[in-house]
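Below is one structure; the comments refer to it alone.
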């Protein structure tokens, strides 16, 4: 099975994935990236961190073949 490393970008910082996810195909890697994005948002929420998060999926040759991203903000509506 192919291995797809994930790189996680959050507000200017980057975590380069070395090991990668072993999945059946690119579609499965994209699904795994979406789930990882959701988990990253939950992890940041525990510490009240907001901002832009992007996960890039690379192929075995190091090319970015897919990405998913989200911007999370918190706005207080009462004084």
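The values are calculated or read from the model by the stated rules, or taken from the named source; none is laboratory data. The structure presented is a predicted model; accordingly, all values stated were derived computationally and were not measured. Methodologically, a virtual Cβ is constructed for each residue, glycine included, from the backbone with ideal geometry; neighbour enumeration extends over all protein chains shown.
Of the numbered criteria (1) under 12 Å from the mean Cα position of the chain (by Cα); (2) modelled with pLDDT under 95, the one residue 45 fails is (1). Restricting attention to the range 13-28, does a residue exist that is without any contact (Cβ under 8 Å) to a residue 12 or more places away in the chain, surrounded by 13 or more Cβ atoms within 10 Å (Cβ to Cβ) and not in a loop (DSSP other than H, G, I, E, B)? Looking through the range 13-28, at least one residue is without any contact (Cβ under 8 Å) to a residue 12 or more places away in the chain, surrounded by 13 or more Cβ atoms within 10 Å (Cβ to Cβ) and not in a loop (DSSP other than H, G, I, E, B). Scanning the range 48-63 for residues that are exposed (fewer than 11 other Cβ atoms within 10 Å of the Cβ) and either at positive phi or under 13 Å from the mean Cα position of the chain (by Cα) (or both) gives 48, 62. Is there a residue in the range 36-43 that is part of a loop (DSSP other than H, G, I, E, B) and surrounded by 12 or more Cβ atoms within 10 Å (Cβ to Cβ)? No; the residues of the range 36-43 include none that is part of a loop (DSSP other than H, G, I, E, B) and surrounded by 12 or more Cβ atoms within 10 Å (Cβ to Cβ).
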